[in-house]
1. Just to be sure I follow the rule: in the chain, considering lysines 8 or more places apart or on different chains, how many pairs have Cα atoms under 27 Å apart?
2. Which of Phe152, Phe105 has the fewest other C-beta atoms within 10 Å, and how do the rest follow up to the most?
3. Could you identify which residue out of Arg162, Arg216, Arg41 has the top mean-square fluctuation in a GNM of the chain using Cα springs shorter than 10 Å?
4. Under unit Cβ charges (Lys, Arg +1; Asp, Glu -1), what dipole magnitude, rounded to 20 debye, does the chain have relative to its Cα centre?
5. Tell me, what HN-Hα J-couplings in whole Hz come from the Karplus equation 6.51 cos²θ - 1.76 cosθ + 1.60 at θ = phi - 60° for each residue of the range 81-95, using x for Gly and Pro?
6. Quick one: Thr116, Thr182, Thr48, Thr158, fewest Cβ neighbours within 10 Å first, how do they rank?
7. Taking θ = phi - 60°, what integer Hz values does the Karplus form 6.51 cos²θ - 1.76 cosθ + 1.60 yield along the range 153-167, in sequence order, with x for Gly and Pro?
8. Sorted from fewest to most neighbouring beta carbons within 10 Å, what does the list Lys59, Lys203 look like?
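Every number in this text was worked out from the coordinates using simple rules, so none of it is lab data. None of the values given here were measured: they were computed from a predicted structure. Quick reminder, even Gly has a Cβ in these numbers, built from the backbone with ideal geometry, and neighbours come from all protein chains shown.
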Amino acid sequence: MVLSIPHPPNAENKEPSYRANYLLSLLSESDFNSLIANSNRIFLPSKTVLHQPNEPIQKVYFPLRGIISLVSASQEGLIAELATVSNKGMVGIAAFLGGSFLSSFAVVQTDCIAITLNADILRHEFARGGELQKILLLYTQALFSQTSQNVFCSCHHTIEQRLARWLLSFSDRLEQRKLLLTQETLADLLGVRRSSLSVVANKFRQRNLIDYSRGRIMIQNPVALRKVACECEQIIAAEYFRLMNVSQNY
């Protein structure tokens, strides 16, 4: 379930503009207006499931604030995060790639404000070609690169490195140190046992890197935490901005 709202849920925060989404900000005024003419601004509560595996995508989402995870799940109930989408991306690439659906879930990890529109509208605008098509294809390549790097990270880096990287990446995307997440959610997203993650989190707290209570993690020392993290987030970010610095192509 998603909720249409005229204002963000936190009145203390300034309502983000449509251009707060980086992909939308790259569009010319005419293409931007054409795309959002039939769109809606919505509030997506944490844990909302936007897309189910193997079900046709009806709507696509351009986050303005917050984080959405693309998650794979097994029949036994094991899950792992494939990629993270913030206001630098969008959810629902199958809508314009032609496959109609994906084999993964799209789950809201933190309360989000997003722009949503029907998948048919995006397909129509994409088929017109031009800058929207190019931006979405470049973003798709960036998303594939992120997924590939995440696979490498899961295979070759320690839980300590991966947890540090994941906490920092979420903090950077949200632009805040306080993360409203449980250790159970973290363990699921990283694809590790809850007990293993708890051991690492406790080590981080003893070193004053983080503090936590139920449902909340506070990054205490981001500089020191970056020294623990692997280099994967820097690689992902560098590739994203290499691809998405598209102004020179128009």
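1. The result is 15.
2. Fewest-to-most Cβ neighbours within 10 Å comes out as Phe152, Phe105.
3. Maximum fluctuation in the GNM of the chain, among the listed residues, is at Arg216.
4. Using only the charged Cβ atoms, the result is roughly 700 debye.
5. 7, 8, 7, 10, 10, 10, 6, 9, x, 8, 10, x, 4, 4, 4
6. Thr158, Thr182, Thr48, Thr116
7. Computed from phi, the couplings for the range 153-167 are 4, 5, 7, 10, 10, 6, 4, 4, 5, 5, 5, 4, 4, 5, 4 Hz.
8. Lys203, Lys59
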